[in-house]
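Visitor: Take this structure first; my questions come after.
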Amino acid sequence: MNILVTGGLGFIGSHTCVELIANQHQVVIVDNLVNSKPEVLDRIEKLTGVRPRFYPVDVTDSCALEAVFATHPELDGVIHFAGLKAVGESVEKPIAYYYNNLVSTMVLVDACVTHRVNRIIFSSSATVYGDQPSPYREDMALMKTTNPYGETKAVSERILSDVAGANPTLAVTLLRYFNPVGAHPSGLLGEDPSGIPNNLMPYVSKVARGVLPILKIFGDDYPTPDGTGVRDYIHVVDLAKGHVKAVESDIQGVKVYNLGTGKGISVMEIVNAYAAVNGVEIPYEIAPRRPGDLASYYADAGKARDELGWVASLSLEDMVRDAYRFETSNSHL
Ligand code: NAD
Ligand code: UD1
């Protein structure tokens, strides 16, 4: 199939391009490089032997996006990763988040309808479930989101569903990711946030390499087995493969799938696995809970298994090993 990948040079998008190409799909990438580097294209080529067509275009720019669609009448579907994703920054700059994430979704789906590209796959997040007991199931009612980033995901889901309602030939797949971590096993692709990381795994990687002195564990008094926060961490390569399954499925209408492992892992388990698998020390201290954090959440991953034939197969050991390999591979972007 011919797939347009927005945000295709980012963390999840780049891994997905590699898996799409490995499965004989043709990829066209649009990315405005706001959170990625052009060198990622070289890495994709190095890993696959194929250099996808790349347009340094902002998806909110309807004229520029129209030109891409006009140049590629062969497109069968779109995977929409392009978006801003930092929760804290979204609280400080709500307009930037609402504008970028919502306008890009509207401009893109409008182009899909105009050009009769009838399949769109959207990067949503488990954050749309809000605060309710796990496992999260796709048929649960969504609860109030707690920050502008999360709200852009909930509203984008709604926009895409409404457009699909008005255009019955348009198939919309909403993929709700849990906590993507790890890196490509080659060490060539991974997540390299600028500045001090907010998320756990990139922070642990910096502590492991000695770039940051100590990990703060945000709370050890949660009602979880060891008192630290529990999440459903998923290897980015598994996540990327989930997109290939979603693209290849012939589902119609609006479908929602959790992409998680279905298993909760605590902060302490991550730290211990990272240290043991990589033979490194992770100095840590217990700090107060981080405002806005939930104690525990994880996916019911059964629907993606039953309907897409997808299950996450990589282990916690794979996640921490590949994260550390990327951190120490000297191939930072
Ligand atoms: P990322 O920042 O690495 O990738 C996003 C890419 O989109 C970047 O390359 C960036 O340059 C590009 N981009 C942003 N706005 C754009 C625009 N207007 N036009 C063109 N390109 C634009 O992030 P990621 O971790 O790969 O996440 C991909 C998607 O998945 C995002 O929509 C994110 O919100 C969503 N998501 C991510 C996570 C996570 O933990 N990483 C969890 C749930 C959902
Ligand atoms: C966060 C976002 C979520 C987003 C996701 C992307 C919030 C409230 N949620 O999820 O919307 O989709 O990132 O991956 O920001 N932790 C520490 N020390 C640290 C960093 C994290 O103890 O230095 C703990 C957290 O308290 C949490 C766990 O590690 O229990 C995971 O945190 P993180 O990686 O930031 O992800 P989430 O908070 O689950």
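For every residue, the table says whether it meets (1) surrounded by fewer than 22 Cβ atoms within 10 Å (Cβ to Cβ); (2) in contact with a Gly (Cβ under 6 Å, 6 or more places away or on another chain); (3) basic (Lys, Arg).
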{"residue": "ASP220", "(1), (2), (3)": "yes, yes, no"}
{"residue": "GLN252", "(1), (2), (3)": "yes, no, no"}
{"residue": "VAL277", "(1), (2), (3)": "yes, no, no"}
{"residue": "ARG321", "(1), (2), (3)": "yes, no, yes"}
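Visitor: Then there is this: Are any of the residues in the range 21-35 in contact with a strand residue (DSSP E or B) (Cβ under 8 Å, 6 or more places away or on another chain), surrounded by fewer than 17 Cβ atoms within 10 Å (Cβ to Cβ), modelled with pLDDT of 95 or more and part of a helix (DSSP H, G or I)?
Guide: No, the range 21-35 has no match at all.
The rows are residues; the columns are (1) within 13 Å of ligand 1 (Cβ to nearest atom); (2) free of Cβ contacts under 8 Å to residues at least 24 places away in the same chain; (3) touching a Leu at 6+ places or on another chain (Cβ under 8 Å).
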site: LEU102; (1), (2), (3): yes, no, no
site: THR105; (1), (2), (3): yes, no, yes
site: ILE121; (1), (2), (3): yes, no, yes
site: TYR129; (1), (2), (3): yes, no, yes
site: GLN132; (1), (2), (3): no, yes, no
site: GLU138; (1), (2), (3): no, no, no
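Visitor: Take residues that are small (Gly, Ala, Ser) and tell me which of the strands (runs of 3 or more DSSP E) falling wholly in the range 114-219 contain 2 or more.
Guide: By residue number, 119-125.
Visitor: Could you run through the range 65-90 and say how many residues are touching a residue at least 40 places away in the same chain (Cβ under 8 Å), within 15 Å of ligand 1 (Cβ to nearest atom) and either hydrophobic (A, V, I, L, M, F, W, C) or part of a loop (DSSP other than H, G, I, E, B) (or both)?
Guide: Total meeting the criteria: 12.
Visitor: Let me ask something additional. From GLU138, GLU89, which residue is surrounded by fewer than 21 Cβ atoms within 10 Å (Cβ to Cβ), charged (D, E, K, R) and within 13 Å of ligand 2 (Cβ to nearest atom)?
Guide: One residue alone meets the criteria, GLU89.
Visitor: Picking from VAL277, VAL311, which residue would you name as being at pLDDT 95 or above, part of a helix (DSSP H, G or I) and on the phi < 0 side of the Ramachandran plot?
Guide: The match here is VAL277.
Visitor: Do we find a residue being within 11 Å of ligand 1 (Cβ to nearest atom), assigned to a helix (DSSP H, G or I) and under 16 Å from the mean Cα position of the chain (by Cα) anywhere in the range 40-56?
Guide: Checked against the condition, which is being within 11 Å of ligand 1 (Cβ to nearest atom), assigned to a helix (DSSP H, G or I) and under 16 Å from the mean Cα position of the chain (by Cα), the range 40-56 yields no hits at all.
Visitor: I would also like to ask the following. Out of all the residues in the range 95-134, which are within 15 Å of ligand 2 (Cβ to nearest atom) and modelled with pLDDT of 95 or more?
Guide: Listed by number, the residues that qualify are TYR97, ASN101, PHE122, SER123, SER124, SER125, ALA126, THR127, VAL128, TYR129, SER134.
The values are calculated or read from the model by the stated rules, or taken from the named source; none is laboratory data. Everything numeric here is computed off the predicted structure, so don't read it as measured data. All Cβ positions, glycine included, derive from the backbone under ideal geometry; neighbour counts span all protein chains shown.
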